[in-house]
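Student: Here's a structure for you.
Each value in this text was obtained by applying a stated rule to the coordinates, not by laboratory testing. Here the structure is a predicted model, which means the values were calculated and not measured.
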Amino acid sequence: MRLIYRHFPLTKIHPYALKAAVAAEAAGSQGKFWEMHDKLYQNQEKLTVNDLRKYAQELGLDMERFDKDLDSPQLEEKVLQDKADGLKAGVKGTPVFFINGTYISGNQPFEKFKEMIEAELAMS
């Protein structure tokens, strides 16, 4: 079993979503992806570059490296490729989950995930 996270920035709704996703990747290059991810979700209305830099500082990131990564065409391309892959898989919004190929859209209770994962594990 493995967990794979893919970005799907909804830039028409959230103009800073792409840069925020890149910020998560930039933090990830310093081992703080999930910590940045959590900050971004807790502060969805505050995602300007200045806000992203503030969150990086709060996480104790190397700011020179973070700033360089935040402007990285490679990290932006990774995020855009994640979105392209999602579109090919039929994703239209977030959140979306796939459990062994089964498409699950929207927030779901923990128990639903637990049941589905346990059923998949029982079949393997």
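Student: Step through the table entries LYS54/LYS78; LYS19/LYS46; LYS46/LYS92; LYS78/LYS114, compare each Cα-Cα distance with 21 Å, and write down the pairs that go over it.
Tutor: LYS54/LYS78; LYS46/LYS92; LYS78/LYS114
Student: Can I ask one more? Using a 10 angstrom cutoff on alpha carbons, build the Gaussian network for the chain and name the most mobile of GLY31, GLY90, GLY101.
Tutor: Fluctuation is largest for GLY101.
Student: Taking the inverse of the average 1/r across all pairs of different Cα atoms in the chain, what Kirkwood radius in Å do you get?
Tutor: Working: mean 1/r = 0.0637 Å⁻¹.
Its Kirkwood hydrodynamic radius stands at 15.7 Å.
Student: Could you tell me the relative contact order of the chain? Use alpha-carbon pairs under 8 Å, at least six residues apart, and round to a whole percent. Before the final figure, lay out the partial values.
Tutor: Working: 98 pairs, mean separation 32.1, N = 124.
Here the relative contact order equals 26 percent.
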